[in-house]
1. Just wondering, is there one or more residues in segment 68-78 that are out of contact with any strand residue (DSSP E or B) (no Cβ under 6 Å at 6 or more places or on another chain) and either farther than 25 Å from residue 32 by Cβ or touching a residue at least 40 places away in the same chain (Cβ under 8 Å) (or both)?
2. Taking segment 57-73 as the region of interest, how many residues are under 16 Å from residue 139 (Cβ atoms) and either at pLDDT below 95 or surrounded by fewer than 20 Cβ atoms within 10 Å (Cβ to Cβ) (or both)?
3. Could you tell me whether segment 124-136 includes any residue that is touching a residue at least 40 places away in the same chain (Cβ under 8 Å) and part of a strand (DSSP E or B)?
4. Would you check if there is a residue in segment 30-47 being at positive phi, in contact (Cβ under 8 Å) with a residue 24 or more places away in the chain and not in a strand (DSSP E or B)?
5. If you check residue 108 against the conditions, is it under 22 Å from residue 29 (Cα atoms), modelled with pLDDT of 90 or more and surrounded by fewer than 12 Cβ atoms within 10 Å (Cβ to Cβ)?
6. With the requirement that a residue be loosely packed, with under 12 Cβ neighbours inside 10 Å and either touching a helix residue (DSSP H, G or I) at 6+ places or on another chain (Cβ under 9 Å) or closer than 24 Å to residue 31 by Cβ (or both), what does segment 115-164 give you?
7. Restrict the check to segment 91-104 and report whether at least one residue is in a strand (DSSP E or B), at pLDDT 95 or above, in contact with a helix residue (DSSP H, G or I) (Cβ under 9 Å, 6 or more places away or on another chain) and closer than 30 Å to residue 34 by Cα.
8. So if I check each of 31, 40, 19, which one is touching a strand residue (DSSP E or B) at 6+ places or on another chain (Cβ under 7 Å), closer than 27 Å to residue 120 by Cα and at pLDDT below 90?
């Protein structure tokens, strides 16, 4: 005898697959300072010291839309003189569907930034180059390590708050 399962019954018990997609990208904030120009471009000399910082933020926009932003700060100094200072907030809007709650934070804080980082890196390198310096080529970022580090810092703060 043929299977008598109604066509819609199989779909009712099947959970839709988790998915995420990049809806769009944007530059929210960009600042470049070259306080010693034009002298800083002409000086040459020893390699500068670089201080680079990175942070990731997430803001829910709608039921299934999230804005994920990478904040990059880079400062180059030589002999206590600032050569340049650049700040960039680069973001992506992601549509997230059917992702379990316990997997949402790692997706938004690790996978989504990993997807948009090459574009932010390109903007940073181009702006530094347009400022008269060799392009600043950031190394790839381990967003999982950054996520774990931030989790540990939050847990330490919560533990300290509970102790007080």
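1. Kept after step one, since they are out of contact with any strand residue (DSSP E or B) (no Cβ under 6 Å at 6 or more places or on another chain), are these residues of segment 68-78: 78.
Filter once more, so that each one left must be either farther than 25 Å from residue 32 by Cβ or touching a residue at least 40 places away in the same chain (Cβ under 8 Å) (or both): none.
For segment 68-78, residues out of contact with any strand residue (DSSP E or B) (no Cβ under 6 Å at 6 or more places or on another chain) and either farther than 25 Å from residue 32 by Cβ or touching a residue at least 40 places away in the same chain (Cβ under 8 Å) (or both): absent.
2. From segment 57-73, those under 16 Å from residue 139 (Cβ atoms) are 70, 72-73; that's our starting set.
From what is left, the residues that are either at pLDDT below 95 or surrounded by fewer than 20 Cβ atoms within 10 Å (Cβ to Cβ) (or both) are 73.
Selection size over segment 57-73: 1.
3. no
4. Here is the first cut: in segment 30-47, the residues at positive phi are 44-45.
Restricting the remaining residues to those that are in contact (Cβ under 8 Å) with a residue 24 or more places away in the chain gives 45.
Those still in the list that are not in a strand (DSSP E or B) too: 45.
Yes, that holds for at least one residue.
5. On the way: under 22 Å from residue 29 (Cα atoms): yes; modelled with pLDDT of 90 or more: yes; surrounded by fewer than 12 Cβ atoms within 10 Å (Cβ to Cβ): no.
For residue 108, the condition - under 22 Å from residue 29 (Cα atoms), modelled with pLDDT of 90 or more and surrounded by fewer than 12 Cβ atoms within 10 Å (Cβ to Cβ) - is not met.
6. From segment 115-164, those loosely packed, with under 12 Cβ neighbours inside 10 Å are 118, 130, 134, 137, 139-140, 145, 149, 152-164; that's our starting set.
If the condition is that a residue be loosely packed, with under 12 Cβ neighbours inside 10 Å and either touching a helix residue (DSSP H, G or I) at 6+ places or on another chain (Cβ under 9 Å) or closer than 24 Å to residue 31 by Cβ (or both), then 118, 130, 134, 137, 139, 140 are the ones that fit.
7. yes
8. Working: 31 fails: at pLDDT below 90; 19 fails: at pLDDT below 90.
From the options 31, 40, 19, the qualifying one is 40.
The values are calculated or read from the model by the stated rules, or taken from the named source; none is laboratory data. All of these numbers come straight from a predicted model, not from anything done at the bench. Reconstructed Cβ throughout: ideal geometry from the backbone, glycine too, with neighbour counts over all protein chains shown.
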